[in-house]
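**Q** Have a look at this one.
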Amino acid sequence: MASEKVETVIAGNYVEMEREKGDSSKPTKSKFSTLFWHGGSVYDAWFSCSSNQVAQVLLTLPYSFSQLGMLSGILFQLFYGLMGSWTAYLISVLYVEYRTRKEREKVDFRNHVIQWFEVLDGLLGKHWRNAGLFFNCTFLLFGSVIQLIACASNIYYINDNLDKRTWTYIFGACCATTVFIPSFHNYRIWSFLGLMMTTYTAWYMTIASLVHGQVEGVKHSGPTTMVLYFTGATNILYTFGGHAVTVEIMHAMWKPQKFKLIYLIATLYVLTLTLPSASAVYWAFGDALLTHSNALALLPRTAFRDTAVILMLIHQFITFGFACTPLYFVWEKFIGVHETKSLIKRALTRLPVVIPIWFLAIIFPFFGPINSTVGSLLVSFTVYIIPALAHMVTFASSSSRENAVERAPALMGGWAGLYSVNIFVVGWVLIVGFGFGGWASMLNFVHQVNTFGLFTKCYQCPPHKH
């Protein structure tokens with residue numbers, strides 16, 4: 001047992017130690033790159049999780065509250081926040097299990113980033129790998145699309161001389177520069193800034209709504225229909241399902257086994273941003289939000305709002321990188337350049353990944369409804385159902401439970417409690433998230449297509465005043 005523990009602690013630490021030793025000859029450059037570029041601490045992981053979890057979705061949560069009503073909105077945020085933290089914990093357990101088993105076999109991960117589909121492949125075989133690869137890649141593809149749509153949706157509130165589609169072209173080109181960021185190690189300064197940006201925007205939304213007060217004749221009639229109710233609930237499922245990049249963030253850590261509680265702490269912080277902002281905006285504007293999926297559209301234009309828009313634009317660029325980087329890795333592995341040392345060669349081979357994202361953002365510019373659709377059809381499986389099922393299957397035999405690197409938490413009632421929670425998660429997300437949520441969000445999505453049409457130039461834009 002003692003030797004196993006030693007191996008686990010060593011897991012994921014040796015490469016960085018070697019790099020640190022190698023860097024000692026050039027201290028100034030090393031200090032600079034460590035500060036801004038090369039992060040792998042617990043704090044870096046927390047910043048990455050927190051800033052990645054809530055980006056543009058912060059602006060659509062008031063819209064979800066108008067569909068759900070205040071009480072359901074708050075309860076669903078708390079419920080899905082906890083459920084998301086639980087499945088992120090399961091993913092971290094499976095990652096450490098996979099990595100420890102492989103390192104006992106003397107596998108070297110020096111120039112290789114472990115991804116979720118590889119964890120599934122190593123622990124459960126190729127069918128699991130294929131399912132994980134399909135759902136994860138499709139989710140991250142649409143996650144990147146949503147960031148692009150959000151960029152165009154936001155900039156329009158500062159500069160409406162160009163329509164939203166033109167802004168999508170421009171931001172697609174800007175976001176393509178993320179191909180030059182090698183891995184999640186290198187998001188250190190961006191993760192920190194990203195979190196500052198969402199924190200500012202959330203508190204701006206809260207304070208601006210309270211200062212503005214309730215609009216004349218405000219109504220809070222939600223929930224009114226089943227379709228809207230489950231669409232709103234699924235957007236919140238999407239909000240707390242941002243951990244499709246958990247494995248890549250863990251791999252960027254010097255001690256991945258310390259990740260266990262990071263996601264929960266990140267979620268608790270995110271709730272201090274999402275609950276006050278969504279509640280305050282819904283309180284102030286009520287049912288007007290049903291036709292304004294971007295909350296910034298309703299807040300009066302001030303220097304503070306313009307600052308929030310600009311900060312969210314920068315943050316969406318960062319989150320685009322977060323969602324797209326795992327796709328870059330998959331593509332690199334597919335064409336066989338993942339372990340090459342040349343950054344330029346890797347960057348150039350990544351460019352084809354950005355093109356379909358750009359194209360999809362122009363076809364489906366439905367900021368808000370697309371979140372719920374992606375949440376119900378993709379997030380439900382990617383980050384809730386598959387991790388819970390994979391964990392149960394991996395530790396189904398008594399020998400695998402006895403030899404598990406990470407024991408079942410006693411607080412949860414051991415393995416029996418752990419399995420009970422997993423069964424509940426799978427059942428709930430399958431029925432409520434995928435079943436009802438999929439039905440509702442698809443109906444809503446089709447309604448948007450019928451109302452505005454595909455390739456619409458300017459989704460939910462007010463008529464131009466000349």
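The values are calculated or read from the model by the stated rules, or taken from the named source; none is laboratory data. Remember, it's a predicted structure, so these values are computed and weren't measured experimentally. Note that we place each Cβ from the backbone using ideal geometry, even for glycine, and neighbour counts take in every protein chain shown. Keep in mind that these areas ignore ligands, DNA and RNA; they rest on the heavy atoms of the full protein, side chains included. Shrake-Rupley method; radii C 1.70, N 1.55, O 1.52, S 1.80 Å.
The rows are residues; the columns are (1) among the aliphatic types (A, V, I, L, M); (2) touching a Leu at 6+ places or on another chain (Cβ under 7 Å).
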{"site": "Val57", "(1), (2)": "yes, no"}
{"site": "Asp108", "(1), (2)": "no, no"}
{"site": "Trp116", "(1), (2)": "no, no"}
{"site": "Leu123", "(1), (2)": "yes, yes"}
{"site": "Lys126", "(1), (2)": "no, no"}
{"site": "Leu140", "(1), (2)": "yes, yes"}
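**Q** Next question, about the same structure. Is it the case that segment 213-232 has a residue that's free of Cβ contacts under 8 Å to residues at least 60 places away in the same chain and among the β-branched types (Val, Ile, Thr)? Before the answer, list the steps.
**A** Within segment 213-232, the subset free of Cβ contacts under 8 Å to residues at least 60 places away in the same chain is 216-217, 224-225.
Among the residues that remain, those that are also among the β-branched types (Val, Ile, Thr) are: 224-225.
Looking through segment 213-232, at least one residue is free of Cβ contacts under 8 Å to residues at least 60 places away in the same chain and among the β-branched types (Val, Ile, Thr).
**Q** Out of the residues in segment 119-145 that are without any contact (Cβ under 8 Å) to a residue 24 or more places away in the chain and not in a loop (DSSP other than H, G, I, E, B), state the one that is most open to solvent (accessible area, probe 1.4 Å). Give the steps one after another, and end with the answer.
**A** From segment 119-145, those without any contact (Cβ under 8 Å) to a residue 24 or more places away in the chain are 121, 125-127, 129-130, 134; that's our starting set.
Adding the requirement that they be not in a loop (DSSP other than H, G, I, E, B) leaves 121, 126-127, 129-130, 134.
On the way: Asp121: 60, Lys126: 120, His127: 140, Arg129: 72, Asn130: 73, Phe134: 119 Å².
So, considering only residues that are without any contact (Cβ under 8 Å) to a residue 24 or more places away in the chain and not in a loop (DSSP other than H, G, I, E, B), the one most open to solvent (accessible area, probe 1.4 Å) is His127.
**Q** Could you list all residues from segment 356-373 that are of a type outside the set (S, T, N, Q), open to solvent by less than 10 Å² (accessible area, probe 1.4 Å) and out of contact with any Leu (no Cβ under 7 Å at 6 or more places or on another chain)?
**A** Step one: filter segment 356-373 for residues of a type outside the set (S, T, N, Q), giving 356-370.
Then keep just the ones that are open to solvent by less than 10 Å² (accessible area, probe 1.4 Å); that gives 357, 361, 366-370.
Selection gives Phe366, Phe367, Gly368, Pro369, Ile370.
**Q** Among residues belonging to segment 146-159 that are of a type in the set (S, T, N, Q) and in a helix (DSSP H, G or I), point out the one that is nearest to Leu296 (Cα to Cα). Full working, then the answer.
**A** Initially, segment 146-159 is screened for residues of a type in the set (S, T, N, Q), giving 147, 153-154, 159.
The next check asks that each one be in a helix (DSSP H, G or I); those that pass are 147, 153-154.
On the way: Gln147: 16, Ser153: 10, Asn154: 8 Å.
That would be Asn154.
**Q** Further, regarding this structure: When you go through Gly437, Gly417 one by one, which is the residue that is in a helix (DSSP H, G or I) and open to solvent by less than 10 Å² (accessible area, probe 1.4 Å)? It would help to see each step written out before you state the result.
**A** Working: Gly417 fails: open to solvent by less than 10 Å² (accessible area, probe 1.4 Å).
Matching residue, one of Gly437, Gly417: Gly437.
**Q** What helices (runs of 4 or more DSSP H) lie completely within segment 308-413 and have 2 or more residues being aromatic (Phe, Trp, Tyr) and either at pLDDT 85 or above or touching a helix residue (DSSP H, G or I) at 6+ places or on another chain (Cβ under 6 Å) (or both)? Spell out the reasoning first.
**A** On the way: elements: 343-363, 369-374, 386-394, 398-402.
So the answer is 343-363.
Per-residue answers, yes or no, for (1) closer than 27 Å to Phe366 by Cα; (2) modelled with pLDDT of 85 or more:
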| position | (1), (2) |
| --- | --- |
| Arg165 | yes, no |
| Tyr169 | yes, no |
| Phe180 | no, no |
| Leu193 | no, yes |
| Met197 | yes, yes |
| Glu216 | no, yes |
| Leu228 | yes, yes |
| Leu237 | yes, yes |
| Leu261 | no, no |
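**Q** While we're looking at this one, here's another question. Could you go through segment 254-271 and let me know if any residue there is touching an Asp or Glu at 6+ places or on another chain (Cβ under 6 Å), assigned to a loop (DSSP other than H, G, I, E, B) and either on the phi < 0 side of the Ramachandran plot or surrounded by fewer than 22 Cβ atoms within 10 Å (Cβ to Cβ) (or both).
**A** Yes, some residue in segment 254-271 is touching an Asp or Glu at 6+ places or on another chain (Cβ under 6 Å), assigned to a loop (DSSP other than H, G, I, E, B) and either on the phi < 0 side of the Ramachandran plot or surrounded by fewer than 22 Cβ atoms within 10 Å (Cβ to Cβ) (or both).
**Q** Residues that are out of contact with any Gly (no Cβ under 8 Å at 6 or more places or on another chain) and modelled with pLDDT of 90 or more: list the helices (runs of 4 or more DSSP H) wholly contained in segment 1-110 that include at least 2 such residues.
**A** Details: elements: 2-10, 14-23, 27-36, 42-53, 57-68, 70-104.
So the answer is 70-104.
**Q** Continuing with this model, one more query. On the given criteria, is Met312 open to solvent by less than 10 Å² (accessible area, probe 1.4 Å) and farther than 27 Å from Pro369 by Cβ? Write out each step before concluding.
**A** Details: open to solvent by less than 10 Å² (accessible area, probe 1.4 Å): yes; farther than 27 Å from Pro369 by Cβ: no.
Here the answer is no, as Met312 does not meet what is asked.
**Q** What are the pairs with Cβ atoms under 8 angstrom where one residue, in segment 411-435, is closer than 14 Å to Met392 by Cβ and the other, located anywhere, is of a type in the set (Asp, Glu)? Sequence gap at least six, or different chains.
**A** Note: no pairs meet the criteria.
**Q** Let me ask something additional. Within segment 197-212, can you find the residues that are of a type in the set (A, V, I, L, M) and under 23 Å from the mean Cα position of the chain (by Cα)?
**A** Step one: list which residues in segment 197-212 are of a type in the set (A, V, I, L, M), which gives 197, 202, 205, 207-208, 210-211.
Of everything in segment 197-212, those that are of a type in the set (A, V, I, L, M) and under 23 Å from the mean Cα position of the chain (by Cα) turn out to be Met197, Ala202, Met205.
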